[in-house]
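The values are calculated or read from the model by the stated rules, or taken from the named source; none is laboratory data. Note that this is a predicted model, so its numbers are computed, not measured. Here Cβ is always computed from backbone atoms with ideal geometry, including for glycine, and neighbour counts include all displayed protein chains.
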Amino acid sequence: MAKGYDPMEKCLLRSVLKARQFLNDFMPSGRGIEAPRVRFSAVLRDATDASDISATLIQCIRESRICPGYQLVDASKTSPMGNARDGNHPQLLLYPIGSDFWQSPSDAWRSLEMHVNVWNSSADDPFHDGDKSSEACDNLIPQIAEQFSFQHRTHVFSLNITGRFARFLRWDHAGCVVSDSFDFHKNPRLLADFLWRFTFLSRAGRGFDPTTTDATPSEIRAFKTTARNFIKNTPRNVEFLRPTLDDDYPVYKVQVDSLNGKKMHLIIAKPFHGYKRPTCGGRSTRVYAAYLTSEKRLVCLKDFWRTHQLLSEAEMYQHLANHDVPHLPTNLAAGDVFEDNEPQTTLNHEYGRLWAFTHQRIVQEIAFPLETAQSSRELTQAVRDAIACMSKAWKSAQVLHQDLSDGNIMITPEGRGILNDWDCSWMKTPENPKNENRAGTWWFMSIFLCMNPFKEHEIHDDLESCLWTLIWIAARYIKSINLWYEDGWRVFSQYTMKYFDRDGDDNEHQYEAGGIYKQEFITYENMGGLDWRCEPFSTLMDDLRQIFADFHNGWEDFPQMWQKSKERYALLSDPENIVKLFDDALAKNGWIENDAVPNMFPYKTEDEWRTYRMKHEHRLYRLQCDKVRKELEVKAAREKADREGIPYIEPAVEENPEAPIVTKYPLVMVYPSDDKEPMIPRRSARVRKVARTVAEDQTRAKRKRMDEDQEASEGELGSPTMVKRRKPMEEKTKDNAVPRRKPRGR
């Protein structure tokens, strides 16, 4: 998702604290009682690898009793989580004494307190340079993300042991704060205090959400029976709710404040949305099928951590309701989660350049994904209702949704559409007249937003997102004529991913761009071979395609094209015009009932998604680890300079002339006329050729600078033989062409 940031990019540390400061800030002293004295050096003297360190550390903690009420469990060979674990797991797990964590994976997750990662040398430290440090960090973050996913946490503590050195870590949804590395052989007091103080922390102090408790056996039975009956008796395909019945996930009871001021108690298990995503940084949105104990029925619970924006999603729903915006979800509860009369807010953002997040929950009546539409008419009706909701929200409440996608347009049990998930929306106010919020799901973003990440989000961008959503769902679930041939679906599936995925320059330090393939796709008369059997639906799709094709093709130097683009811009500036287009199509005869088909382009399997995510997210892990290492190097260099009494010199910043080029288009759209009306940005149709020309110019400029530097070096050294010169490029002609060697005979 292109939300302006990647959650995993934000979940690494941005601040390093001294170990003693870490303890004082996050772990108050253990009721004034000092920790027992421990000599870790005597116990770990003969340890040579990670397994030896784990075994001797367990023995040392047990004998010294610095962790009363808890036990360290060696999980390096056999994990109590069983097959529920995803990826590598830590060597040691901290559990309360007497807990039944070996009975089932759900019991193991429910009672887990802390991870302890052990490596055999300081070279394996994820926050230090070394050959294995990147791999260690790649394994560390998914472990913490799993703990956040299986448990309801506000924060998590963890401990890293690398040889004879240790680090303390605190994770929350804003990021991670880590202590500096210290030698616990020479300074065993710090490690002993960490374990001692942890045992005296309250359950909330250790990171557990106090509004969530373990469900009783009777509540678990009622919840799972109701969920099975709902899946079985619902006429729609609701297999997406199957994860709710996963026995490897613990079942919890959640307390939520309803809109009428009463307490609601919900029983939840595994989320059906968000359990595959990392949940240790960012919004960490999870959606559950929840059992409402007071009414004995299923509802929907959305649990997430919001950013501190002008209006939260709960407040946005109230604002839209005050302006009579139709086709909104029915909310039963919406608001922040409170703890001790204060909203649950992250703490780590105070220690670095991190965003602050606040915990919020929203309870709604169950609605169904757009992909469960049973016919093309029901799909059209749902998208039409979403556009009507979006239109009223903009005209009456001055609110843009900004995240139209297949997951946010939903269908009610009565077959009407609703527009959900307003957490990325933007409201125009006198204090905030310009939209600088970057939001949207990449596959459904408009062409202009894909091409220009700095473009201001407008109402026609949301309308275009509706078109891409309609194409995305219809190509998969509605019967088509021209693609029912051998290998046709497979070929079109590949092209669909090509058109919808990122197709521009990937600049790891700036942004990603694209949209060229989307523009090519929408200019085809039949959109790459799509022709649906239902005539009214096919006509509607062609009309929508033609509107946006005319809108985007007005970049050529032809007066008639400019005029057509200008007319389309005026048409798209009022969403009611598109609503009328949908109404006219729905009023026609010839709609085919039950023309929906099973998904012809199935999404990636869980293993394929995991491989895809790890491929892209590990790159972000390593990028962030590089930043962390540089921060530690600078800190160490400063301390060394202070000790030696010499001035510290900042390292030089190297320029990167070979950085990827992303074409930037104007932020303001102006017509070359006197009426001063906004228009689409004027861009050459040969964008890739222009970008290639600019890249060649940069290459020639770079080579010229290299030649000048070499000539300057020759002048300073006084001898041209001391510098290896690069031969100038020569044009290949017949005179200087290299003769071809004759083939050797047999």
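So, in region 243-261, exactly how many residues are farther than 16 Å from Asp336 by Cα and either more than 23 Å from the chain's Cα centre (by Cα) or in a strand (DSSP E or B) (or both)? Residues in region 243-261 being farther than 16 Å from Asp336 by Cα and either more than 23 Å from the chain's Cα centre (by Cα) or in a strand (DSSP E or B) (or both): 8 in total.
Only one of the listed residues (Glu431, Glu378) is charged (D, E, K, R) and surrounded by fewer than 19 Cβ atoms within 10 Å (Cβ to Cβ). That residue is Glu431.
Residues of region 176-202 that are over 19 Å from Pro68 (Cβ atoms) and among the charged types (D, E, K, R): Asp180, Asp183, Lys186.
Screening Met264 against (1) surrounded by 17 or more Cβ atoms within 10 Å (Cβ to Cβ); (2) modelled with pLDDT under 95; (3) within 27 Å of the chain's Cα centre (by Cα) leaves a single unmet condition, (3).
Condition check ((1) buried (at least 21 other Cβ atoms within 10 Å of the Cβ); (2) within 20 Å of Phe551 (Cα to Cα)) across all residues:
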position: Gly440; (1), (2): yes, no
position: Phe448; (1), (2): yes, yes
position: Pro453; (1), (2): no, yes
position: Glu456; (1), (2): no, yes
position: His460; (1), (2): yes, yes
position: Glu464; (1), (2): yes, yes
position: Trp472; (1), (2): no, no
position: Arg476; (1), (2): yes, no
position: Ser480; (1), (2): yes, no
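I'd like the residue in region 195-234 that is assigned by TED's automatic domain parsing to the domain that holds Gly69 and assigned to a helix (DSSP H, G or I) and, out of all such residues, is surrounded by the most Cβ atoms within 10 Å (Cβ to Cβ). Restricting to residues being assigned by TED's automatic domain parsing to the domain that holds Gly69 and assigned to a helix (DSSP H, G or I), the top hit is Trp196. Close contacts from region 91-119, counting a first residue that is in the same structural domain as Arg153 (by TED's automatic domain parsing) and in contact (Cβ under 8 Å) with a residue 24 or more places away in the chain and a second that is of a type in the set (S, T, N, Q) and not in a strand (DSSP E or B), with Cβ to Cβ under 6 Å and a gap of 6+ residues or different chains, come to Gln91/Ser54; Gln91/Ser76; Leu92/Ser54; Tyr95/Ser111; Phe101/Ser111; His115/Gln143; Val118/Ser54; Val118/Gln91. Scanning region 251-265 for residues being over 15 Å from Gln360 (Cα atoms) and of a type in the set (A, V, I, L, M, F, W, C) gives a total of 1. Look at (1) part of a loop (DSSP other than H, G, I, E, B); (2) at pLDDT below 95; (3) under 26 Å from the mean Cα position of the chain (by Cα); (4) not hydroxyl-bearing (Ser, Thr, Tyr) and you find that Glu350 fails only one, number (1).
In region 319-329, is there at least one residue being closer than 24 Å to Thr212 by Cβ and at pLDDT 95 or above?
To start, the set of residues in region 319-329 that are closer than 24 Å to Thr212 by Cβ comprises 329.
When the remaining residues are screened for being at pLDDT 95 or above, the result is 329.
Among the residues of region 319-329, at least one is closer than 24 Å to Thr212 by Cβ and at pLDDT 95 or above, which makes the answer yes.
Considering only residues that are farther than 16 Å from Asp461 by Cβ, modelled with pLDDT under 90 and not hydrophobic (A, V, I, L, M, F, W, C), which ones fall in region 555-592? Hits for region 555-592 are Glu556, Asp557, Pro559, Gln560, Gln563, Lys564, Lys566, Glu567. Going by what's in this entry, would Arg20 be described as assigned to a helix (DSSP H, G or I), surrounded by 13 or more Cβ atoms within 10 Å (Cβ to Cβ), at pLDDT 80 or above and among the basic types (Lys, Arg)? Considered against the rule, which asks whether it is assigned to a helix (DSSP H, G or I), surrounded by 13 or more Cβ atoms within 10 Å (Cβ to Cβ), at pLDDT 80 or above and among the basic types (Lys, Arg), Arg20 comes out as yes.
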